Structures are given as C-alpha cells and as structure tokens.
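The values are calculated or read from the model by the stated rules, or taken from the named source; none is laboratory data. For clarity, every value in this text was computed on a predicted model and none was experimentally measured. Because the Cβ atoms are built from the backbone with ideal geometry, glycine has one as well, and the counts that use them run over all protein chains shown.
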Amino acid sequence: MKLKHSLFTRRQFLNGLLGGWLGAFAASFLYPVLKFIFPPTREPEEVILPFVDFQDMEPNTVKIFAWGSKPGILKRNDDRSYTAFVAVCTHLDCNVTYLPDQRKFYCACHEGWYDENGVHTAGPPPRPLRRLSLSIEGENLVIKREGVE
Amino acid sequence: MTAKKKLIALFVLIVFLHSFVLFKINFAQQVEQEKTGTIQEEASEKIVPGPQGIKESTGLYVFIAWLWLAILVLVYVLRLKIKEEDRLLEMRFLSEKKK
Amino acid sequence: MKEKNVKKDIRSWLDERSGLSAVFRFLREKKIPQHKHSIWYYTGSAILLFFGIQVITGFMLVFYYNPTLEEANSSVARIMTEVPLGWIIRSVHSWSASFMIAFVFIHLLSIWITKGYRKPRELTWMSGVFLLVLSLLFGFTGYLLPWDDLSLSATKVGTDIPRSIPVVGVWVTKFLRGGEDVTGDTLTRFFGFHVCILPIFLLALLAVHVYLIQKQGMSLPLDLERKEEKVKELPFWPNFVYREMIVWLVLVGVLFTVSVFFPPSLDKAADLMAPAPEGIKPEWYFLFLFQMLKIFPAKILFMNGDTLAVLLILLGGTAFFFLPQIDNKPAERKGKMITVIAYLFIIYAVGMSVWSLL
C-alpha cells in the first residue's frame, strides 16, 4: 500500500536514526558500568566449622558463626539435634539474638519475635528466619544453603 | 578542507593513535622482559588481567565488533546530517547575500 | 505534533527561570573558522572527552579502591579479579590517562606552532600551562596508587627530583611525600591529591580557560589573520558539533579496543625495605625529563649536576609559560625562530624518550 505523503520528513528520519543509534551506543556501555557498580552478592555455598567447637553445647543454647559477611546462629535443640539459621531479621536486616528463657529469637530494632524454630510470631517480620542445612562429616560441621546438594 | 582531505586526516589520526599504542606496548614488554630476567617467582605473582574463560572472551569480542559497527553506522548518519546542515547553511548564506 | 509541544513547553518553562536559551543561542552563533589548520581545533574537546572518561571511570574505581598501605595493592587486585569487568574499567582509566596527556601535548604544540597565544589570548595560554602541569600531576599521583614495586620506585625517584632545587627543594619533597621518605602517608596524600585537590583546581582552571575561549572566539593562524578576505566559518552548533561527534566516536572506539586488548597488569605489593627493582621507568610522558636527568653528570664545575638539570627545566618551563610575552613579534624573525624551537622541542622530546628506553 503506497502512502500519498511521507509519515515523517527526511529531517525527522535522520534525527531519529541518529538519536536511536546514539542511544543504543550509550546504552551498550551502561551494561558493563552497571555490572561493575552492582557486584553479585557474595554468600558462601558452604561453611565448614570444626565440630569440636560445638559438640559440647547445652540444649537450648546458641552459638554464632560466620556465614559470609552475615552472622549465622547454631542452636542446640532439646533433643540434642542442631538447627542453623541466618541470624538476620527478615524485616529490615538487623541481627537477631536468642533468648533461652523465653525460647524465642528476638530482633531489637523493631521488636520482632520468632519462636525456637525460627517461625515469626510477633512484630513486623514477614517471614521466618532463613534456615541453613547442616550435616556432620567426620570432624567437621558442614553448613550449606538450603537446597544445595 | 575537501572531503578527501578530511578522510585522509581521519585515517592519519587513527594510525597515529595506534602507533602510539605500539610505542607503549614496546615499553611494557621491555619492563616485563627485564623483570623475568631477574627473579622468576616474582613473575608468577603478577596479576595479568583478561577475560576469564571462553564465554567472557566471546562476549567481549562480540561487544567490540558491535561497538565498531555502531560507530560506522553513526559516522555514516552523522555525515548525512553534516551534509544536510552544510546545505542549509549555504542556502541561508545565499539568501542573506541576496538581501 | 503533540510531541513537539511538550518539548517546547519544557524548554520555555526552563528558559523562563534560567535564561538557558541564551546559552543555546550563543552556541548557534559561535563560529569556527575553516582553513587548512582547522583540524587542530578538535584537540581541545578531545582532551575534554578523555577527562570526562577519567572522571567516570575514576568514580567507579574509587568505589572499590582502598588508599592505605595495607590494602592498596590488594584492593586493585580485587578490582581486577573479583569485581565484574573491573579489569576493563581500570584499563580504560589507565589508557584514557595516556590519551588525555597525549592530546594535551598535541593541543599545546598546535597552539605554539600556530601562535594561538597572541594578544588577546595570553591568559588562555597561561591557564593552559597550568592545566598541563595539573594533568601531569594527575598522572604522577595516579601512578602510585596501585602501590606495586614499579610505581613505588618511580614515586621515590620523582619526588626526589625537587630536592635538587636550592632553598625550597627539600620542602617541596617533604610536602609531596608527607615526610622525608615515601611511606603509607605518601600514598594517602597522593590519593587525596588525585581524587580531591587536583580535580578542584583543574575544574576551576578549566572554567577560566573555556570561558576565555568563548569570550574571545577561536584564534586564526597568523597569515590568515593578516589577509583581508573573510575566512569561511561554520556555526559551532550544529555543524561543528556533528563533526566533533565523529571524532569523539572514533576516539572512544580506539580507546575501548586498546583497553580490552592491552590491559595493564598488577605486580605484587611494594616492599618498602626491598632494593629498587631493575628498569625503573616513569610513565612515557616523563621519559624525556627522566633522560635529561640521567645524562647530566654528577658534578658540573661547582654545581651539582641534578640541580643544574632541574634549574634548566624550571627555566625552560618559565620561558614556556611566558611564551606570549616572549613572542611579541610573531610575524618577524623572532617569531619564526620560536616556531622552529617548537619543532626542535618535538624532536628533542621524542628523541630523549626513545633513548631512555634503550
């Protein structure tokens, strides 16, 4: 279908072409710049700790360990098993603590409360504490991200 | 300056810039040679940067190919724009002269 | 057609409050002469392009760089290995520095040879000389920041040179080093110079330099100025700017290609107690000065060889600064001699630089 009149003038076409290609040119530099400025989050795949540091833990007590740049919390349960959480509140990233008398995890920033299994019970936290899977391999306590083989 | 002269000037500029690169590389190579001549283990402690693996390399070469393609297209479009603007300038100049 | 109205509305809104349209009108009325030496008019904005790239890549590098003795080298190593595409950003920063200084020299020589510093442009020249010194200082201070053996040695040698100046020399060296020797304090000080102090001075001088150019217009070579006929002129906007864009695009392409294929490496962290490594060399733009200092014997008559060399360099620099005043008769024999000296200087600088590499 042939048009009677052009949709745009030669000038507009040329300007559009120039602007478009300049934009694409600039944008292609944007990707590496953004990649540089926003580096990927560095969380470890797994953390290996000497089991000897944790084998004498009393039930209902906790110990802090390093999970990358975040704190992890290892809890010895009443049945002498262990559970590991990322000790970061799911509300606004403050570090949580464990109160053994109340059997609750507590975030002081905005009064967030979690039960002894990390499930959020009171206050602003929207989700339970993140669990980490752990296994005892020989002399080591191996803590992994949940779901990682 | 005629179009031909401009093209030659542009070509000379690119050659000049690359010759300058060669000058610098020779310098870098010289420093490296002298270094490996002295202590061998120090050479291994040097961090030589570059793309890691085939995926990054390919991505980088594709990007550079795209870069130069875009530059060629842009230069072409800009030359059209320049011709247009120069033509308008002549027209305005001539109409002013008439006045 | 509605689209155009929106653009016009925004423009008039801004203009009512800022008077910005005066700037655009100025840019459209600004004229660039076209003659057989016009190509040198592109060198100034090329410098600006590379400086802009330095600022942007500098911003990015400063996000990860640590200016302390313990962390400097390892933070650069981290940029090169862990940070995504960090090695490219560092490479671009390093190459753009060289390109910028190369164009500063080309720009300077083109002004010297075409005598662009003639009245009323003496101040533009002088601010330009300051800009040259600042650019070289940028290169010098930046060179230390990776804190490897080569850059440490180069800094030791470079900051030792002012010591030869009588009376004030020792104080200049102490000022640069933050003490008697090159230490972690020197690194921190150089970092402060490189990212804070020098940028402020450079931007201030650049503003003066660019303002003067806008006020006085583009200079013409001497022989064209004396002719009666009018030289063909292009409006800055849009005709000259489109041509400039082509130059910029090609330069960016070359810069990026070179940065990807020839990235700088990083040696291990400097050891303050270790002996100087072999083959110390400053960056290429200092080579000719470096060679001059090397060839001067330890003692000339009663004077220390180094002192004489440094004083000669200072004398040359001062004459260079006052070139507009010295070249007060540009069309006559004196003027022609000064042009010849420019060519001799090119041969001298290139020759000395090549010699220092042998």
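Structure data summary
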item: Hits in the stretch B:45-68 (condition: facing chain C (nearest Cβ under 10 Å) and among the aliphatic types (A, V, I, L, M)); result: B:Ile47, B:Val48, B:Leu60, B:Ile64, B:Leu67
item: Enumerated helices (runs of 4 or more DSSP H) restricted to the stretch C:17-115, each holding at least 2 residues that are more than 14 Å from chain B (Cβ to nearest Cβ); result: C:21-29, C:42-62, C:86-114
item: Single condition C:Leu251 does not satisfy, out of (1) under 29 Å from B:Leu69 (Cα atoms); (2) facing chain B (nearest Cβ under 7 Å); result: (2)
item: Pairs where the first residue, in the stretch B:74-99, is within 10 Å of chain C (Cβ to nearest Cβ) and the second is of a type in the set (Asp, Glu), C-beta under 8 Å, 6+ apart; result: none
item: Total residues in the stretch C:166-177, condition surrounded by 18 or more Cβ atoms within 10 Å (Cβ to Cβ) and either among the β-branched types (Val, Ile, Thr) or without any contact (Cβ under 8 Å) to a residue 12 or more places away in the chain (or both); result: 1
item: C:Gly192 touching an Asp or Glu at 6+ places or on another chain (Cβ under 6 Å) and surrounded by fewer than 20 Cβ atoms within 10 Å (Cβ to Cβ); result: no
item: Those strands (runs of 3 or more DSSP E) lying entirely in the stretch A:22-98 with at least 2 residues among the aromatic types (Phe, Trp, Tyr) and more than 14 Å from chain C (Cβ to nearest Cβ); result: A:61-67, A:82-86
item: Test: residue in the stretch C:69-88 that is within 27 Å of C:Leu131 (Cβ to Cβ), surrounded by fewer than 20 Cβ atoms within 10 Å (Cβ to Cβ) and either touching a residue at least 12 places away in the same chain (Cβ under 8 Å) or within 28 Å of the chain's Cα centre (by Cα) (or both); result: no
item: So C:Leu136, is it surrounded by fewer than 19 Cβ atoms within 10 Å (Cβ to Cβ), under 15 Å from the mean Cα position of the chain (by Cα) and at negative phi; result: yes
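Residue-by-condition table, conditions (1) touching a residue at least 40 places away in the same chain (Cβ under 8 Å); (2) aliphatic (A, V, I, L, M); (3) under 25 Å from C:Phe290 (Cβ atoms); (4) not assigned by TED's automatic domain parsing to the domain that holds C:Leu311:
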{"site": "C:Trp112", "(1), (2), (3), (4)": "yes, no, yes, yes"}
{"site": "C:Glu122", "(1), (2), (3), (4)": "yes, no, no, yes"}
{"site": "C:Leu132", "(1), (2), (3), (4)": "no, yes, yes, yes"}
{"site": "C:Ser153", "(1), (2), (3), (4)": "yes, no, yes, yes"}
